Amino acid sequence: MPRVKTNIARNKRKKKLMKEARGYFGGRSKLYRSAKDAVERGWEYAYRDRRRRKRDFRALWISRINAASRENGLSYSRLISGLRSAGVDLNRKVLADLAVREPAAFAELVQVAKDQLR
């Protein structure tokens, strides 16, 4: 059985991981074991937060829509209900953008929802 040396493969693997750890503080960017732990933990956080970001943005949009709709005399839930029954198919991202950038257009949508609820 021939003897297998993993020197080249191991060095490539370590080099790739140390490159990922650049910019980390202290031993986390210099020592292989610490760098490996830090990089793997970073990957876990990145995986988790890619999903979390979607939740966070939805919550932000809802807050913005709620604030803008209350300025126009309607709560968030009644606005969404009114728009849905009026057949207005705008997602929360677009509604929040309208509320911030085009308050007049958003006010018209609130009026549509109010008319539908009556």
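List of remarks:
- Length-normalised contact order for the stretch 7-117 - Cα pairs under 8 Å, 6+ apart - percent: 20 percent
- Sorting 109-115, 39-45 by average packing, meaning the other beta carbons within 10 Å per residue, from highest down gives 109-115, 39-45.
- Expected-Rg normalisation [2.2 N^0.38 Å, Cα atoms] applied to the stretch 7-117: 1.82
- Close Lys-Lys pairs in the chain, where close means Cα under 21 Å and separation is 8 or more or interchain: 15
- Here is how the number arises for the chain: DSSP H runs of 4 or more residues each give -39500 (n - 2.57), the sum is divided by the residue count, and the result at 222 nm is -26500 deg cm²/dmol.
FYI, it's all coordinate maths here, none of it is from the lab. As the structure is a computational prediction, the values presented were derived from the model and not from experiment. When we count neighbours, we look across all protein chains shown, and the Cβ atoms used for this are built from the backbone with ideal geometry, even at glycine.
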